[in-house]
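Asks: Attaching a single structure in structure tokens format; questions to follow.
Each value in this text was obtained by applying a stated rule to the coordinates, not by laboratory testing. These figures come from a predicted structure and were not determined experimentally. Cβ sites come from the backbone with ideal geometry, for glycine too, and all protein chains shown count toward neighbours.
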Amino acid sequence: MTKVYEAIADAFVAEGTSHVFGMMGDANMHWMNAVAERGVELFEVRHEGSGLTMADGWSRATGRPGVGATTCGPGVTQLATALVCAARARTPLVVFAGAAPLTDPGDSQYLDQRRFAEAVECGFVSVLAPARARTAVREAFWLARTTSKPVMISVPMDVQLAEFDGPAHYLPSTDLIDTTPVTPDPQRIQDAADLIAESERVVVLVGKGARSPEVAGLVIQLHERTRALLATTLQASNWLRDRTPYHAGIAGGYGTRIAHELMREADCVVAVGASLNQYTIWHGRLFPKADIVHIDRAGQVVPGDGRPVDCYVRGDARPALQQLITALGGRTPAGTGFHTPVVAERLREATTLREPFHREPDRLDPREVVLTLDRLIPERLPLVLGSGHQTDFGTMLFSRPREVVSNYGLFGAIGQAPLLTMGWTLGRHGQPTFVVEGDASFIMHLAEFDTACRYRWPVLILVMNDEALGAEYHKSEAHGLRRDLSAIRSPDLGAVATAMGGHGATVRTIAALEAAVGDFVADPEPTVVDIRITRAVMSVPFRRLWCGEEV
């Protein structure tokens, strides 16, 4: 006879599960053994939440639902931050969560998992009867895939050990999901084409929802046909930068001053696969006189300033752009648009750092660090950016057209980026990947560098170490508070990494940084480079927000 935990394992495998990240406990060990026996790779981590964030990174890399596993009680509560982060990032995850036995209501590790899941923006499916085991798995994967969010499947220990008495045949969730591309309404396409043709200065703004090889050529074609500026959201940073001299970079708070000035001249914005949240439109200040054409596969989306767009086209990016270009025909916006030598020169100037680097003994200027990294690290290596003040430098100054994964602004949780990187590199079949993170962020989940070393994941963790909570350090100054309260002494993280079985270096000069990065590029192994940076340099977004500077 088949036990419930075995039936659930069979269903996970039928759903395509190949990798599971988690930590074993008495409420999930039977299931973890069962999936391992069925050929699934298990990755044992040091903290349940860390494992789920690795599953998040794996999912972002593969486009498939990531899978995590946890025991009951404290194992479940450890997932809180990772679940909210995944929900805000719209990452499909399925979590196998063991639960306290139904027959022991006084169990010390009892938790109302349904209420917990609701509080952390997670879907919830329970298995309270043996016959429901496989149906619950299908429901969980269906929810994850169709709503793009994490879903917890809760299974009490005594139910897991019962005999499965449900149907033998299993129909996976993929058989129930219509993947036909969303075809846009022809009249909406015509309305969009009319708005664009009647404009003079167009911005084509692309987000993560449009970032794919099959869409790239269409974006460039529309950009050239309309003589538009090309801009991206934070989540599509630097995409197509190498395809045009009229790339304005990120739209929003991370944009350059010159890009802001040009975008305020726009009379039409064509947003493709972008949410148009308050950060992308800079709280309504970025496109004050522009008509907005918004292409997205979701239902009607209202931008972050609350003003409905002028023309919403519901559809997948590829067919919508193909039809829009056809509808434009030979019509083009009046005048030269943004495609002039003057605009091209201004955009080149926008990416040139004019201010001198700050010089301080044994401390590096974070701007010089980022520019050095961008020069040294090949474009084929993806970049993961975390959260916090130090991330601002990388977000604005990395400019090569590499693949970028940004975790900024989704929940504001520090410490997630190295974990995402570990899952990402595994999802990309061991592709070397580098991450830029702060010292407090990296140390928060330092134990997981051991996980990277055990599995020999080729991750390069670049720690921008100012020995402080950098954001709070600079905000304290702006609020007239004591900055020293946010300063925290840091150990030699290069030595720690070496002691944990990886490679490590602590650098205080550009030459030492070049040597450490060169070693990784030549032989990608789990590596930490502890880069000691000054606290004297404030990022451009912070200077805008907290000092009122026009930079």
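Asks: Check M152: other-chain or 5+ apart residues with amide H under 5 Å from its amide H, H built from backbone geometry?
Replies: Amide H to amide H, under 5 Å and 5 or more residues apart or across chains, M152 pairs with V95, G123, F124, V125.
Asks: Label 7 Å along Cα→Cβ of D194; region 251-279 residues with amide nitrogen under 20 Å?
Replies: Backbone N within reach: 267-271.
Asks: Taking neighbour Cβ counts within 10 Å as the exposure measure, how do W58, W546 sort from fewest upward?
Replies: Lowest count first: W546, W58.
Asks: Same structure again: What is the local net charge at Q390, summed over the other residues whose Cβ is closer than 10 Å to its Cβ (Lys, Arg +1; Asp, Glu -1)?
Replies: Residues near Q390 contribute -4 overall.
Asks: Pulled fully out, how much extra length does the chain show between T179 and A344, if you take 0.36 nm times their separation in residues and subtract their Cα-Cα distance?
Replies: The T179-A344 span can extend by a further 55.4 nm.
Asks: Dipole magnitude of region 4-176 about its Cα centre, charges +1 at Lys/Arg Cβ and -1 at Asp/Glu Cβ only, in debye to the nearest 20?
Replies: 760 debye
Asks: Please tell me the relative contact order of region 396-470 in percent, rounded to the nearest whole number, where contacts are Cα pairs under 8 Å and at least six residues apart.
Replies: Result for region 396-470 is 33 percent.
Asks: So for region 186-349, Kirkwood radius off the Cα pairs, Stokes-Einstein at 25 °C and 0.890 mPa s: how many µm² s⁻¹?
Replies: Stokes-Einstein gives a translational diffusion coefficient of 161 µm²/s.
Asks: Rounded to the nearest angstrom and ordered from largest down, what semi-axes does the equivalent ellipsoid of region 382-522 get from its C-alpha gyration tensor (root of 5λ)?
Replies: Calculated on Cα positions only, the semi-axes equal 25, 18, 15 Å.
Asks: Using the Karplus curve 6.51 cos²θ - 1.76 cosθ + 1.60 with θ = phi - 60°, work out ³J(HN,Hα) for each residue of region 108-123 in order, rounded to whole Hz, and write x for Gly and Pro.
Replies: 5, 9, 5, 8, 6, 5, 5, 5, 4, 4, 4, 5, 9, 6, 10, x
Asks: Right, here's the next one. Grab the DSSP H runs of the chain that are 4 residues or longer, score each as -39,500 (n - 2.57), total them, divide by all residues and round the 222 nm result to the nearest 500 deg cm²/dmol.
Replies: The per-residue figure over the chain is -11000 deg cm²/dmol.
Asks: How do 445-456, 202-213, 333-344, 349-360 rank on mean C-beta neighbours within 10 Å, highest first?
Replies: Averaged packing, sorted descending, gives the order 202-213, 445-456, 333-344, 349-360.
Asks: Mind giving me the FRET efficiency for E514 and T2? R0 is 56 Å, r the Cβ-Cβ distance, nearest 0.05 is fine.
Replies: It comes out at approximately 0.45.
Asks: Region 90-242: D in µm²/s via Stokes-Einstein (Kirkwood Rh, Cα pairs, 20 °C, 1.002 mPa s)?
Replies: For these conditions, the coefficient is 109 µm²/s.
Asks: Express the relative contact order of region 353-547 as a whole percentage, based on alpha carbon pairs under 8 Å and six or more residues apart in sequence.
Replies: It rounds to 24 percent for region 353-547.
Asks: Quick one: in region 128-177, what % of C-alpha pairs are over 17 Å apart?
Replies: 40 percent
Asks: Going by average Cβ neighbours within 10 Å, how do the peptides 513-520, 383-390, 274-281 rank, with the highest at the top?
Replies: The most tightly packed comes first, giving 383-390, 274-281, 513-520.
Asks: With log10 I(q)/I(0) by the Debye sum over Cα atoms at q = 0.05, 0.09, 0.12, 0.13 Å⁻¹ as the read-out, I listed (1) -0.32, -0.85, -1.18, -1.28; (2) -0.28, -0.76, -1.03, -1.11; (3) -0.22, -0.72, -1.18, -1.30; which label goes with the value calculated from this structure?
Replies: So the calculated entry is the one marked (3).
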